[in-house]
Amino acid sequence: MYNTDMNKIVFVGQNTSGERENKYMEIIIGDDSVVVAPPYCEYRAEGEDLLRVYIEQPVTPIKELFSLSGNVTSIALAAMQAQEFLRWKTGEAVLQALGNLLVSLINFYADKKKFSPMVELVREDIAKNLSNPLYALDDYIKKLPLSYDYVRKLFQKETGATPRTYLENARMELAASILSSGVTNKYSNYSVSQVAEACGYLEPLYFSRVFKKHFDVSPSEYKK
């Protein structure tokens, strides 16, 4: 079943020694830039005032040093929230969810460089509408300045999935993250109906069928 040690946040703060634990993914956050050093990457980040996040067992394809600049607000906000929960020494489920979020954001920005502008537009629109049950993906693609068939084929070529399959996979990843985040927190156990709604499904029964197709277990079994 789901391993809660994956994407586990073990440190957030200023590492005044300038050293890093080589077995962790390190996220170094500046005012307008982020540097990501995957586990066992030979790298030392300079600057005592930088906010650093150490993540144990990150689920990521990133194998080399990665950096991005510009819109890093979402990463910084998630890191600062994690810092608060670590300081309180409570809220393990929230920390797990924030760890999942941080790694997902890093993976998203790393992947962003690999796709053509048109494919990236579709990916971004999907990401914005994961929880929207009225989202009409086909309608969005048809409004783009290229033919529907061309965009669909280009998207599948670059991502390995059709837009609709990509959307379904992303929603299932979100569902798994929500379900796992409530395992150890008695105040955050989501019902299947609530998870379905959060992932853009109006019908809990249909959501459960899709979830079982992906994970070979029902949502309720996955929670256990």
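The values are calculated or read from the model by the stated rules, or taken from the named source; none is laboratory data. The model shown is predicted, which means the values in this text are computed figures rather than measured ones. Don't worry about glycine lacking a Cβ; one is built from the backbone with ideal geometry, like all the others, and counts go over all protein chains shown.
Looking only at segment 89-135, count every residue that is in a loop (DSSP other than H, G, I, E, B) and over 22 Å from Val72 (Cβ atoms) and tell me the total.
Initial filter on segment 89-135 (in a loop (DSSP other than H, G, I, E, B)): 89-91, 113-116, 129-135.
Going one step further and asking which of them are over 22 Å from Val72 (Cβ atoms), we end up with 89-91, 116, 129, 131-135.
Selection size over segment 89-135: 10.
Which of the residues belonging to segment 62-87 are in contact with a Lys or Arg (Cβ under 9 Å, 6 or more places away or on another chain) and under 12 Å from Arg52 (Cβ atoms)?
If the condition is that a residue be in contact with a Lys or Arg (Cβ under 9 Å, 6 or more places away or on another chain) and under 12 Å from Arg52 (Cβ atoms), then Ala79 is the only one that fits.
Matching residues to (1) over 21 Å from Lys23 (Cβ atoms); (2) in the same structural domain as Ile141 (by TED's automatic domain parsing):
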{"site": "Pro58", "(1), (2)": "no, no"}
{"site": "Phe85", "(1), (2)": "yes, no"}
{"site": "Lys89", "(1), (2)": "yes, no"}
{"site": "Glu92", "(1), (2)": "no, no"}
{"site": "Leu95", "(1), (2)": "no, no"}
{"site": "Gly99", "(1), (2)": "no, no"}
{"site": "Ile106", "(1), (2)": "no, no"}
{"site": "Ala110", "(1), (2)": "no, no"}
{"site": "Val119", "(1), (2)": "yes, yes"}
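Have a look at Ile75, Ile55 and point out the one that is closer than 26 Å to Lys223 by Cβ and either at pLDDT 85 or above or surrounded by 19 or more Cβ atoms within 10 Å (Cβ to Cβ) (or both).
Details: Ile75 fails: closer than 26 Å to Lys223 by Cβ.
Exactly one residue qualifies, and that residue is Ile55.
Quick check on my filter: what residues within segment 189-217 are of a type in the set (Gly, Ala, Ser), in a loop (DSSP other than H, G, I, E, B) and modelled with pLDDT under 90? Even if it seems obvious, please write down each step before you answer.
Kept after step one, since they are of a type in the set (Gly, Ala, Ser), are these residues of segment 189-217: 191, 193, 196, 198, 200, 208.
With in a loop (DSSP other than H, G, I, E, B) added as a condition, the list becomes 191, 200.
Of everything in segment 189-217, just one residue is of a type in the set (Gly, Ala, Ser), in a loop (DSSP other than H, G, I, E, B) and modelled with pLDDT under 90, namely Ser191.
Checking Pro145 against (1) exposed (fewer than 12 other Cβ atoms within 10 Å of the Cβ); (2) under 22 Å from Val210 (Cα atoms), only one condition comes out false. Which one?
Every condition holds for Pro145 apart from (2).
Out of the residues in segment 105-134 that are buried (at least 16 other Cβ atoms within 10 Å of the Cβ), of a type outside the set (A, V, I, L, M) and in contact (Cβ under 8 Å) with a residue 40 or more places away in the chain, state the one that is nearest to Leu154 (Cα to Cα).
Across segment 105-134, the extreme among qualifying residues is Phe115.
With respect to the numbered conditions (1) of a type in the set (Val, Ile, Thr); (2) surrounded by fewer than 17 Cβ atoms within 10 Å (Cβ to Cβ); (3) in contact with a Cys (Cβ under 9 Å, 6 or more places away or on another chain), which one is the sole condition not fulfilled by Ile178?
Among (1) of a type in the set (Val, Ile, Thr); (2) surrounded by fewer than 17 Cβ atoms within 10 Å (Cβ to Cβ); (3) in contact with a Cys (Cβ under 9 Å, 6 or more places away or on another chain), Ile178 violates only (2).
Evaluate segment 139-155: report whether one residue or more is assigned to a helix (DSSP H, G or I), out of contact with any helix residue (DSSP H, G or I) (no Cβ under 9 Å at 6 or more places or on another chain) and modelled with pLDDT under 85. Lay out the reasoning, then the answer.
Residues of segment 139-155 assigned to a helix (DSSP H, G or I): 139-142, 148-155.
Restricting the remaining residues to those that are out of contact with any helix residue (DSSP H, G or I) (no Cβ under 9 Å at 6 or more places or on another chain) gives 139, 149, 153.
Narrowing further to those that are modelled with pLDDT under 85: none.
Among the residues of segment 139-155, not one is assigned to a helix (DSSP H, G or I), out of contact with any helix residue (DSSP H, G or I) (no Cβ under 9 Å at 6 or more places or on another chain) and modelled with pLDDT under 85, which makes the answer no.
Taking the conditions exactly as written (modelled with pLDDT under 85, within 22 Å of Val10 (Cβ to Cβ) and touching a Cys at 6+ places or on another chain (Cβ under 9 Å)), does Lys89 satisfy them or not? Before you say what the answer is, go through the steps one by one.
Values: modelled with pLDDT under 85: yes; within 22 Å of Val10 (Cβ to Cβ): yes; touching a Cys at 6+ places or on another chain (Cβ under 9 Å): no.
Spelling it out, it is not the case that Lys89 is modelled with pLDDT under 85, within 22 Å of Val10 (Cβ to Cβ) and touching a Cys at 6+ places or on another chain (Cβ under 9 Å).
Is it the case that segment 50-68 has a residue that's outside any helix (DSSP H, G or I), in contact (Cβ under 8 Å) with a residue 24 or more places away in the chain, of a type in the set (A, V, I, L, M, F, W, C) and within 22 Å of Ala198 (Cβ to Cβ)? Even if it seems obvious, please write down each step before you answer.
Filtering segment 50-68 down to residues outside any helix (DSSP H, G or I) leaves 50-68.
Checking which are in contact (Cβ under 8 Å) with a residue 24 or more places away in the chain leaves us with 50-68.
Those still in the list that are of a type in the set (A, V, I, L, M, F, W, C) too: 50-51, 53, 55, 59, 62, 65-66, 68.
Then keep just the ones that are within 22 Å of Ala198 (Cβ to Cβ); that gives 59.
Within segment 50-68 (the criterion being outside any helix (DSSP H, G or I), in contact (Cβ under 8 Å) with a residue 24 or more places away in the chain, of a type in the set (A, V, I, L, M, F, W, C) and within 22 Å of Ala198 (Cβ to Cβ)), the answer is yes, since at least one residue qualifies.
Which one is modelled with the highest pLDDT, of the residues in segment 156-187 that are under 21 Å from the mean Cα position of the chain (by Cα) and in a loop (DSSP other than H, G, I, E, B)?
Applying the filter and picking the extreme gives Thr162.
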